[in-house]
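Since the structure comes first, as structure tokens, the remarks are kept for the end.
Only the coordinates and a few stated rules stand behind these numbers; no lab work does. Note that the coordinates shown come from a computational prediction; the quantities given were computed from them, not determined experimentally. Reconstructed Cβ throughout: ideal geometry from the backbone, glycine too, with neighbour counts over all protein chains shown.
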């Protein structure tokens, strides 16, 4: 199945500094995040970064970044600093989802798309489109062995839905969780990746002998969920080789409804409502005293500016301030 190029623009790479062994450091992508838009009115959405909780936890105590492509063809690195990740409001130990409001005064310089809530495969959508076992999946994310030198280059993998159990599954590092199983191997860098499914379309035909027959094709794309990892080995940044070992070929997917529940964490909802009523100033304008920006701007410290570092292409890093997003309207369909 050929996927639209626009889908590739929904993902970025969650990165952190690693020691280069000679007194410096370099940026190494370690997982995947994707952009989701929460609708605020008929024309505007607010953007959020979504990844796996275990990916977010791995960068919470370090200088984390997210790399996304810019419209000029080079990557932009968003320094996350101490910005807060939101986890599931009632089942944090059972749901591998993390959400962060996403934006910058240079937001329009990103070459990105965002996933609207309308394509989430909730229980009602799954029933309406008869999504089930065997339906084709597409996973878009980081291939840690090669992720691009001069731009962010995602990997696309395919598979099929293998199980949609009503019972919770035992998962390493979490309490039993609601999840789907997919036929298709996962590798460490795909943790946090969006998983899309295309429902099967059935059409009644007629054979040459006038007998009824059925033809099956692919329908529209839905966000089935988020890639947690593979079944038999724990996914951990501290043991990358183990996380990327060949496994039994069964991947674990966190359902899209769990992403929605996290996006509507009560504290996050309150932040969005406050922001919508008190939008940030336009780029270049003076910020008022006691700035009403919900996310404090993050700029490189003097020590960080002096630090020897490399980007994907060995070029100077273009850091962006992490602030709440400027309202935007366009979304993928």
| Once the mean 1/r over all distinct Cα pairs of region 74-127 is inverted, what Kirkwood radius in angstroms do you read off? | 14.4 Å
| task | Could you sort 78-91, 250-263, 32-45 so that the peptide with the highest average Cβ count within 10 Å comes first and the rest follow in order? | result | 250-263, 32-45, 78-91
| task | Rank by packing, highest mean first: peptides 268-279, 172-183, with packing defined as the count of other Cβ atoms within 10 Å averaged across residues. | result | 172-183, 268-279
| task | Quick one: compute the contact order of region 74-159, relative version, from alpha carbon pairs under 8 angstrom and 6+ residues apart, as a percent. | result | 26 percent
